[in-house]
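Novice: The structure follows.
FYI, it's all coordinate maths here, none of it is from the lab. Fair warning: this is a prediction, and the values are worked out from it, not measured in the lab. Positions of Cβ are backbone-derived with ideal geometry, glycine not excepted, and every protein chain shown enters the neighbour counts.
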Amino acid sequence: MERTLILLKPDCIQRRLAGRILSRFEDKGFNIVAMKLMQITPDLARQHYAEHVAKGWYPALEKFITGGPVVAAIVEGLEAIRVVREMVGATSGLKAAAGTIRGDYSSSRQMNLVHASDGSEAATREINLYFKPEELVAFEPTITPWLRASDET
């Protein structure tokens, strides 16, 4: 099992797409093991996007990500990091394939609705930025035997 962080960005919340997007991850069979509505502070934004802070376009990114509430969530499942990234689609909604979240709902590079960790190190770091260990609620849904074979772990 793998865990990854998903952020439903301010544009997603303002457009009232959070439920539709979360349901896509649930429909795929992922478990939501943590979730909260929150406001990202400038300090948290700088920690999250540390590799981009020195770039000329970073101030606009920080203004956007701190401009409204986000939903932070951790999803868990088989190959969660890769599968979630594929479900999210290319960064630009104009280049994202139809059927992906960004391809279906976004027409912007920055206002692209959702963030998903891009690898296992990033997932661990980002999960720790947004959640304390006691905020995670791991459980085995009763539907699990109908989602994957018992030897798929």
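Novice: What GluC sites (Glu not before Pro) in the range 95-153 are in a loop by DSSP, with at most 15 other Cβ atoms within 10 Å of the Cβ?
Specialist: Glu152
Novice: Something else about it: I'd like the Karplus ³J(HN,Hα) series for the range 91-101: coefficients 6.51, -1.76, 1.60, θ = phi - 60°, whole numbers in Hz, and an x wherever there's a Gly or Pro.
Specialist: Residue by residue, the range 91-101 yields 3, 7, x, 6, 9, 6, 5, 4, x, 8, 4 Hz.
Novice: Relative contact order of the chain: what whole-number percent is it, with Cα pairs under 8 angstrom and at least 6 residues apart?
Specialist: Value for the chain: 34 percent.
Novice: A further question follows. Excluding Leu136 itself, calculate the net charge of residues whose Cβ lies under 12 Å from the Cβ of Leu136, where each Lys or Arg counts +1 and each Asp or Glu counts -1. Please list the in-between numbers first.
Specialist: Numbers: positive: Arg3, Lys36, Lys132; negative: Glu76, Glu134, Glu135.
Neighbourhood net charge equals 0.
Novice: Which is the longest part of the chain that has none of the chymotrypsin sites (Phe, Trp or Tyr not before Pro) sitting in a DSSP loop with at most 13 other Cβ atoms within 10 Å?
Specialist: For chymotrypsin sites (Phe, Trp or Tyr not before Pro) (loop position, at most 13 other Cβ atoms within 10 Å), the longest site-free span of the chain is 58-138.
Novice: Counting other beta carbons within 10 Å of each residue's own, what order do Leu5, Leu22, Leu136 fall into, fewest first?
Specialist: By the 10 Å Cβ count, ascending: Leu136, Leu22, Leu5.
Novice: Between the DSSP loop rule and a limit of at most 16 other Cβ atoms within 10 Å, which trypsin sites (Lys or Arg not before Pro) in the range 81-125 are left? Intermediate results must be reported in sequence, preceding the final value.
Specialist: Details: sites: Arg82, Arg85, Lys95, Arg102, Arg109, Arg125; in loops: Lys95, Arg109.
Passing sites in the range 81-125 are Lys95, Arg109.
Novice: Based on the Kirkwood radius over alpha-carbon pairs, what is the Stokes-Einstein translational diffusion coefficient of the range 1-76 at 20 °C with 1.002 mPa s viscosity, in µm²/s?
Specialist: It diffuses with D of about 161 µm²/s by this estimate.
Novice: I want to check the label-to-label distance for Asn128 and Ser23. Put each point 7 Å from Cα in the C-beta direction and report it in nm to one decimal.
Specialist: The modelled label-to-label distance comes out at 3.6 nm.
Novice: Let me ask another. If you put +1 on each Lys and Arg Cβ and -1 on each Asp and Glu Cβ, how big is the dipole of the range 2-146 around its Cα centre, in Debye rounded to 20?
Specialist: Approximately 600 debye in magnitude.
Novice: Also: Please determine, in degrees from 0 to 90 and to the nearest 10, the orientation of helix 120-130 with respect to the longest principal axis defined by the Cα atoms of the chain, where the helix direction is its Cα long axis.
Specialist: Here the helix axis deviates by roughly 70 degrees.
Novice: Estimate the FRET efficiency between Glu152 and Gln47 by the formula 1/(1 + (r/R0)^6), using the beta-carbon distance for r and 30 Å for R0, to the nearest 0.05.
Specialist: 0.30
Novice: Of all GluC sites (Glu not before Pro) in the range 71-117, which ones are in loop regions per DSSP and have a Cβ with at most 13 other Cβ atoms within 10 Å?
Specialist: Details: sites: Glu76, Glu79, Glu86; in loops: Glu79.
When the GluC sites (Glu not before Pro) of the range 71-117 are filtered for loop state and at most 13 Cβ neighbours within 10 Å, Glu79 remain.
Novice: Based on the Cβ-Cβ distance from Glu121 to Ile32, what FRET efficiency comes out when R0 is 22 Å, to the nearest 0.05? Can you show the working numbers first?
Specialist: Numbers: r = 22 Å, r/R0 = 1.00.
The computed FRET efficiency comes out at 0.50.
Novice: Helix 18-27 against the longest principal axis of the chain: what's the angle in degrees, Cα atoms only, rounded to the nearest 10?
Specialist: On a 0 to 90 degree scale, this one is about 30.
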